[in-house]
Amino acid sequence: MENFKHYTVMKNEAVDALNCKSGLIYVDCTLGGGGHSELILKRIQPDGKLIAFDVDEDAINASKERLKDYHNLTIVKDSYTNIKNVLRELGIPKITGGVLFDLGASYHQLTKGERGFSFSKEAPLDMRFNQDADFTAYDVINSYSEADLVRIFSEYGEERFSKRIAKNIVETRKSQKIKTTKDLADLIVSCTPHVKSSIHPATRVFQAVRIEVNQELTNVKNTLNDVLDLLEVGAIISVISFHSLEDRIVKHLFKYHSEKCHCEKNQMICHCPPPKLELVNKKPLMATEQEIRENPPSRSAKLRVARCIN
């Protein structure tokens with residue numbers, strides 16, 4: 001696909017963390033443009049195996065072309081949320097090498113106008129990662145109650161003017177549906193104070209709606225817990241997140257499963273199971289200054305890495 005553009009964030013750092021070896025099984029939960037997968041494949045030759053997931057048809061088609069010379073790759077058109085079932089169907093009981101998550105939307109998704117992720121290009125309110133899904137941003141904006149809109153704008157977008165925006169959306173849709181990205185962006189601009197900022201007033205709401213449409217935070221939390229059951233001792237889990245909500249989930253889960261005890265302070269005898277994980281980096285790794293210059297969105301990327309020890 002000539003028009004498929006994707007910048008692989010923290011490619012070397014994320015794959016270095018996996019400590020790739022031939023003969024082991026690796027999983028790339030977010031194939032995207034195939035940048036991470038290609039580097040993994042190069043490092044696990046000749047006998048390693050890579051399973052790569054994506055729900056985006058454009059990403060899959062582009063990566064199939066990019067990775068066509070690698071014969072130890074299985075691309076799965078499915079959500080990483082189904083990792084347990086997919087690996088079972090493939091006859092893979094354990095991930096012996098490691099698993100990589102590169103969370104969030106890709107450059108291609110955000111900039112392809114008709115996908116409806118961007119307020120800078122007029123398009124139908126869509127925002128689906130998986131275009132076979134029925135539920136879209138249009139459904140969120142035109143059917144959610146005012147209270148639910150306030151909740152997602154506040155929780156997922158950390159938007160200060162959530163109540164004002166939600167109220168205006170509900171009032172506007174009484175007379176006409178809000179159909180396009182421009183309709184929504186213009187409404188947000190019209191009902192929020194004009195403040196000097198490099199961030200467009202619609203940025204946080206668009207992020208919140210995208211997260212809701214794709215159930216991103218729920219999926220990350222549930223899948224990370226599933227993956228812990230699939231890791232062989234010694235296998236690595238490497239996660240790149242792009243906003244504080246995702247990073248918080250990863251941080252807390254890694255911290256919880258790397259602690260020796262979760263007992264109350266007044267409990268005399270500890271019955272906690274041994275920790276499952278060992279933190280490889282206690283503080284997240286960040287993109288280099290050079291990478292940030294080449295790809296400014298990578299400035300918000302955080303990489304957390306842990307090793308299965310039980």
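Return the only residue of Ala52, Ala14, Ala59, Ala123 being among the aliphatic types (A, V, I, L, M), under 18 Å from the mean Cα position of the chain (by Cα) and modelled with pLDDT under 95. Lay out the reasoning, then the answer.
On the way: Ala52 fails: modelled with pLDDT under 95; Ala14 fails: modelled with pLDDT under 95; Ala123 fails: under 18 Å from the mean Cα position of the chain (by Cα).
Step by step, each of Ala52, Ala14, Ala59, Ala123 is checked, and only Ala59 is among the aliphatic types (A, V, I, L, M), under 18 Å from the mean Cα position of the chain (by Cα) and modelled with pLDDT under 95.
Just so you know, in segment 271-285 the residues that are in a loop (DSSP other than H, G, I, E, B) and either among the aliphatic types (A, V, I, L, M) or open to solvent by 70 Å² or more (accessible area, probe 1.4 Å) (or both) include one that is nearest to Arg307 (Cα to Cα), and it is Val280.
Within segment 286-310, take every residue that is of a type in the set (Lys, Arg) and more than 28 Å from Leu230 (Cα to Cα) and give me the one that is surrounded by the most Cβ atoms within 10 Å (Cβ to Cβ).
Kept after step one, since they are of a type in the set (Lys, Arg), are these residues of segment 286-310: 293, 299, 302, 304, 307.
Adding the requirement that they be more than 28 Å from Leu230 (Cα to Cα) leaves 293, 299.
Working: Arg293: 11, Arg299: 14.
So, considering only residues that are of a type in the set (Lys, Arg) and more than 28 Å from Leu230 (Cα to Cα), the one surrounded by the most Cβ atoms within 10 Å (Cβ to Cβ) is Arg299.
Report yes if Asp47 is under 25 Å from Ile309 (Cα atoms) and either in contact with a helix residue (DSSP H, G or I) (Cβ under 9 Å, 6 or more places away or on another chain) or part of a loop (DSSP other than H, G, I, E, B) (or both), otherwise no.
It is true that Asp47 is under 25 Å from Ile309 (Cα atoms) and either in contact with a helix residue (DSSP H, G or I) (Cβ under 9 Å, 6 or more places away or on another chain) or part of a loop (DSSP other than H, G, I, E, B) (or both).
Among the residues making up segment 73-105, those that are over 21 Å from Asn19 (Cα atoms) and in a strand (DSSP E or B) are Ile75, Val76, Lys77. Only one entry in Ser79, Ser37 is among the small types (Gly, Ala, Ser) and either at pLDDT 95 or above or on the phi > 0 side of the Ramachandran plot (or both), namely Ser37. In segment 203-223, which residue that is without any contact (Cβ under 8 Å) to a residue 40 or more places away in the chain and not hydroxyl-bearing (Ser, Thr, Tyr) is farthest from Phe153 (Cα to Cα)? Of everything passing the filter in segment 203-223, Lys221 is farthest from Phe153 (Cα to Cα). Out of the residues in segment 182-197 that are assigned to a loop (DSSP other than H, G, I, E, B) and polar (S, T, N, Q), state the one that is surrounded by the fewest Cβ atoms within 10 Å (Cβ to Cβ). Going through the qualifying residues, I end up with Ser197. Taken over segment 198-224, the residue count meeting the criterion of being in a helix (DSSP H, G or I) and open to solvent by 70 Å² or more (accessible area, probe 1.4 Å) is 3.
Among the residues of segment 232-266, how many are more than 21 Å from the chain's Cα centre (by Cα), closer than 24 Å to Lys21 by Cβ and open to solvent by less than 60 Å² (accessible area, probe 1.4 Å)? Show your work before the answer.
Within segment 232-266, the subset more than 21 Å from the chain's Cα centre (by Cα) is 232-234, 258-266.
Those left that are additionally closer than 24 Å to Lys21 by Cβ: 232-234, 258.
Keeping just the survivors that are open to solvent by less than 60 Å² (accessible area, probe 1.4 Å) gives 234, 258.
Looking only at that region, the number is 2.
Every condition in (1) surrounded by fewer than 23 Cβ atoms within 10 Å (Cβ to Cβ); (2) modelled with pLDDT of 95 or more; (3) within 18 Å of Asn295 (Cβ to Cβ); (4) not aromatic (Phe, Trp, Tyr) holds for His6 except the one numbered (2).
Taking the criterion of being part of a helix (DSSP H, G or I), farther than 28 Å from Ser244 by Cβ and open to solvent by 60 Å² or more (accessible area, probe 1.4 Å), the only residue of segment 144-181 that qualifies is Glu171.
The values are calculated or read from the model by the stated rules, or taken from the named source; none is laboratory data. Predicted, not measured: the structure shown is a model, and the values here were computed from it. Here Cβ is always computed from backbone atoms with ideal geometry, including for glycine, and neighbour counts include all displayed protein chains. Please note that ligands, DNA and RNA were not included when accessible areas were found on the heavy atoms of the full protein model with its side chains. Shrake-Rupley method; radii C 1.70, N 1.55, O 1.52, S 1.80 Å.
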